[in-house]
Amino acid sequence: MSLGFDVASAEEGSALVIDVSGRVDGTNASAFDTSLQELIGESSQAIVLDLDGLTYMSSAGLRTILMTAKRLQARKAELALCSLRSTINEIFQIAGFDRILAVCDTRSEAVAKVTSA
């Protein structure tokens, strides 16, 4: 059974980069949250969410990212998002998330941001 999204992770320097692809909406946001939490665990490692492959995100997906950011902030762990498609970036701007989360154009920029903090 397809969840509608896929996540994959890789270490880049001292950061954990999580590639997200597909769609995140109300039907799979809970599974998306579970997937992120399984990859991140209880670590205080810097995290980059690379959203280049993300084609759609509803408010439920936004909430999942916000809750992930809050969990990481409580551990003093850095988070940055990168490679947002124009439609996804517009959603983040309308929601005001671009003012409360670090959003970078490129993966390398995001890794540099979270590892230099």
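Derivation of every value follows stated rules applied to the coordinates shown; laboratory data play no part. Note that the structure is a prediction, hence the values are computed from the model and not measured. Ideal geometry is used to build each Cβ from the backbone, glycine not excepted, and the neighbour counts take in all protein chains shown.
Out of Gln93, Ala74, Thr106, whose Cα points farthest toward the positive end of the dipole of the range 5-116 (charges: +1 Lys, Arg; -1 Asp, Glu; placed on Cβ)?
The listed residue farthest towards the positive side: Ala74.
Treating the beta-carbon of each Lys and Arg as +1 and of each Asp and Glu as -1, no other charges, what is the dipole magnitude of the range 61-109 about its Cα centre, to the nearest 20 debye?
For this selection, approximately 340 debye.
With charges only on Cβ, +1 for K and R and -1 for D and E, what is the dipole size of the range 5-116 about its Cα centre, in debye, rounded to 20?
In debye, rounded to 20, the range 5-116 gives about 420.
Helix-only mean residue ellipticity at 222 nm, the chain, DSSP H runs n ≥ 4 weighted -39,500 (n - 2.57), per residue, nearest 500. What is it?
Only helices count here, giving -13000 deg cm²/dmol.
Considering amide H positions built from the backbone, and no H for Pro or chain starts, which residues 5 or more places from Leu49, or on another chain, come under 5 Å of its amide H?
When sequence neighbours closer than 5 places are left aside, the close amide H contacts are Ile18, Ala80, Leu81, Cys82.
Scanning the chain for helices, which whole DSSP H stretches are 18 Å or more long along the axis (Cα) and average 0.0 or more by Kyte-Doolittle?
What comes out of the filter, once short or polar helices are dropped, is 59-74.
Could you list the GluC sites (Glu not before Pro) in the range 1-86 that lie in coil according to DSSP, counting only those with at most 10 other Cβ atoms within 10 Å of their Cβ?
Qualifying residues, ordered by number: Glu42.
Suppose we look only past 13 Å in the calculated P(r) of the range 1-62. What percent of the Cα-Cα pairs does that tail hold?
Cα-Cα pairs of the range 1-62 separated by over 13 Å account for 61 percent.
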